[in-house]
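Asker: Sharing a structure, written as structure tokens. Questions coming.
Read-outs: derived from the displayed coordinates by stated rules, not from any lab. Please read these numbers as outputs of a predicted model, since none were measured by experiment. As a convention, Cβ positions derive from the backbone with ideal geometry for all residues, glycine included, and neighbour counts pool all protein chains shown.
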Amino acid sequence: MNRHQLFVPIALALGAMSAPGTLLAQEDEAQQATVFEEVIVTATKREQSIYEVPVAVTAFTEATMERAGITDLTDVGKFVPNLNVTGFSAGHTSSVNPFIRGIGLQDHLITTDPGVGVYVDGVYLGRQVGQNWSLANIERVEVLRGPQGTLYGRNSIGGAINIITRKPGDESGGRVKVYAGTRGRLYGDVYYNAPMSDSFAFSVTGSYTERDGVGEFPNLNTSTEVGQIEEWSGRVALRWNPTEDFELLFAYDKNDGEGGLRPYTTLIDEVPSGLLYQLGARNSDVSADPYDNNGGFYVDGNGNIIPANEIYNKADGWSITAGWDMSDSLSWKFIYADRGSEYGSGLDDDSVASTLFTYPEKGFADQESAELQLSGEFGSWDFVAGLYRFEEEGLNFQYPNFFAGGAGAFLLGQKSKSQAIYANVGFEVTDTLRLSAGARYTKDDKEANVNLNAGLIEESASRDWSETSWEVAATWDMSSRLNLYGAIQNGYQSGQFPPRPYCLFGNLDFSQPGNVSRPNCFQANDNVTATNYEIGIKGTPTDTLQMSFALFYTNYSDLPYQVSASEGGGFNTVNIIVDQTSQGAEWESAWAPNDQFTLFTTLGYIDADVDDPNPTAVAPLTPDVTASISPQFIQPMNNGGELMLRVDWSYRGSMYGEPSNDPARMTKIASRDLFNFDLTYTEPDGRWSLSAYGRNVTDEKYDNARLLPTDYLLIVLNNDRSEFGLRYVYHLGN
């Protein structure tokens, strides 16, 4: 099906909906108030109703997240069409790997870049380890689907996730929330916003969470469990408004977490040609319970046995945002941020009681970013323009490592710099028709180096890329209730160096004494480009229905898939370059026939076709169907309070854990169904509420990822087993 065929059904449907006698023509009804509160988003870097934005966007308010049990980005991934959030990253529990419309990133090393950008108050988060944010003191989370190459730019060819926190002074008071549940769950967060004077306000936020693991390390004398979580975070923000036209906002945040490896298991007997099998390892060595882990240690250079099961992550950062309204029609904004993160992990791929194939790993990344925006409105015209700069430096260190066929130390480092200039202009052609167009020029520079055994083998390389991204869009107010939009969006991502270039270490030529020759394979691929054609309709066609529907067709050129394959005594992770075409449809709705019942639904379908000589190539971690259904009942109580019951069903169809559907590789992941419930009593004045909750109530056990890195199958299991508990929320202040 080509894009013209894809758009025929929506064109016919829109024509039928516009016919006389339909709901759209009933302007008297259209003027009536609906039961839904309009959500204002900043998806296009200007405040707009979510109905008016020419982008497929899902927005979660604090109330929505609380009722749906959303506490981090992994939970967000259960309620957005064509969004799948998984986690792997050296077995780290704090990592998130979002895939939107078939685009994401399976790896985590410094030379790889995600395909979905995550932003906090406009600041881009460069690394995936540590991104599973605790969503406390959050005003809104926005998920934008499709390439966002003009306004967002960096690494957003699949989409962008915006986390927007509350500004100090927007309200007086705060909230305390406490959870206690099974599996040793303890959680608490508090935030408080307070104006200190007419021109100064501050806010503080803190959270702590812990949860027992889902398995044990039988061979280790340790109290740490598989999948165990313990993390705290804090944030302080200061806001100064010396005049009505100027605002200065400072924010600092920090988080610190530790725990146990994500649960995973391996299949060895199924690959008898593999090195582990030849060395005598058998699946009988694996724990009877796949959520236990029989491995988890290595021997350091001094002969000491070091547990490889414990993990940690730390991150902190600060930002300054200055806003100045020069006039009623012209405004400036400047955002500067400095962030750093580090982590430690110790994936033991064989999962057997040996020191073989253990990957203790540490890494860090430091980044700086600055953005200067100018926006304005002049009659029928509006615009947003800006300059952007981003710098990052980081490395990953493994000792000992076995991917390179030996127990040497492996270091991978990279410095990157990105600069961009962009502009987006809108024009109100009539009261009901708005046209917009934008462009962004980006230049990226990267310097990468790889080192084995303290310089025994060392290679460095550099490359730069540049590209102009663009978009055009139109929004038509079909009525006071419904908006139709169409957009062509273009995106860009710089190329990437291979994360594990075993090709440098294996098959070396020592024929010339004193001169070791090796293949010149530490090279970056060309940049990625994406073009998305999209049409959609959104709004409130009736007093009781809120909906959005979108059709999309996206072409990706020179898209890198990270693929690991056996080579000699190790394995080589390379960037396989493909072209990919994705087409599909997305639906979101809320139906409220009365004040007491609301039905929330989402449905996503995607057909991702990979143009590659290998006939088994597929888009990884991309289910063809995603869906959720959430009925919500509210029962008023005689004392003036209310009782709310919400049930959530989330579905992700089958998918492949790596870019291959070859049955011999055994990387197909079965579909999964997750069920949650939330029963909440809110007292009459809304000061406090008490809830009973259940998460994954059927204790669904499913695969989070599947990889065939060498000659054995690595299966990463889910870390969100069944949990039941109580939640208490108390609102402070007015």
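Asker: In the neighborhood of K78, defined by Cβ-to-Cβ distances under 14 Å, what is the net charge if each Lys or Arg adds +1 and each Asp or Glu adds -1?
Answerer: Working: positive: R67, R646, R652, R672, R695; negative: D72, D75, E588, D648, D673, D678, E700, D720.
Within the 14 Å Cβ shell, the charges total -3.
Asker: Ranked by Cβ crowding within 10 angstrom, fewest neighbours first, how are D685, D648 ordered?
Answerer: Values: D685 9, D648 25.
So the residues, fewest neighbours to most, are D685, D648.
Asker: For V176, what charge total do you get from the other residues with a beta carbon under 12 Å from its beta carbon, if Lys and Arg give +1 and Asp and Glu give -1?
Answerer: Numbers: positive: R175, K177, R687, R727; negative: D189.
The answer is +3.
Asker: Among the listed pairs K446/K668; K78/K314; K177/K314; K78/K177; K177/K668, give every one whose C-alpha distance is greater than 31 Å.
Answerer: Details: K446/K668 35 Å; K78/K314 26 Å; K177/K314 24 Å; K78/K177 22 Å; K177/K668 39 Å.
Exceeds cut-off: K446/K668; K177/K668.
Asker: So how do 551-558, 186-193 stack up, highest first, on mean other-Cβ count within 10 Å?
Answerer: Numbers: 551-558: 21.6, 186-193: 19.6.
The densest-packed peptide leads the list: 551-558, 186-193.
Asker: Pairs K254/K362; K45/K362; K45/K443: which exceed 29 Å Cα-Cα? Could the numbers behind the result be given before it?
Answerer: Values: K254/K362 19 Å; K45/K362 36 Å; K45/K443 22 Å.
Listed pairs above 29 Å: K45/K362.
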